[in-house]
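What follows is calculated from the coordinates using simple rules that are stated; it is not laboratory data. It should be emphasised that the depicted structure is a prediction, and the values quoted were computed from it without experimental measurement. We place every Cβ from the backbone using ideal geometry, glycine too, and count neighbours over all the protein chains shown.
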């Protein structure tokens, strides 16, 4: 699994003009990509990593301050543009594999006590955020 975690002061995701997820930070906006061979165990590891990642102000984590997370599925994190001008998506898991694993990341975060908002899997989403720092980190499990 691959995630891009951004420290934010606020973030939201809109689908068809409706706000489906919104947080006010400090917190994290997290884009999550799933590849072939990812498992529920990897989803749990990613959730624990995101919950305890010390990238909020004062080297705090979401678990330290009760920071919210906005988790959004993002298959394009496994895009490959090394050849030509058109990326390939071969490394991205298909939706029927990826969706339950993204849901598992969210469920595991909530089980840890996190306030989690989400996007909508497979939808055309408009994501807005204020990156605080800016601070962006790639996390691979």
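Computed values, structure above
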read-out: Protection proxy ranking of 27-39, 119-131 - average other beta-carbon atoms within 10 Å, highest first; value: 27-39, 119-131
read-out: Peptides 44-51, 17-24 ordered by average Cβ neighbours within 10 Å, highest first; value: 44-51, 17-24
read-out: Three semi-axes of the equivalent ellipsoid, the chain, Cα gyration tensor, whole Å, largest first; value: 23, 17, 15
read-out: Alpha-carbon centroids, segment 88-104 and segment 1-41: separation in whole Å; value: 15
read-out: Cα gyration tensor, segment 7-73 - rounded (a/c under 1.5), prolate or oblate; value: oblate
read-out: The chain: antiparallel DSSP beta bridges as a percent of all, rounded to 5; value: 80
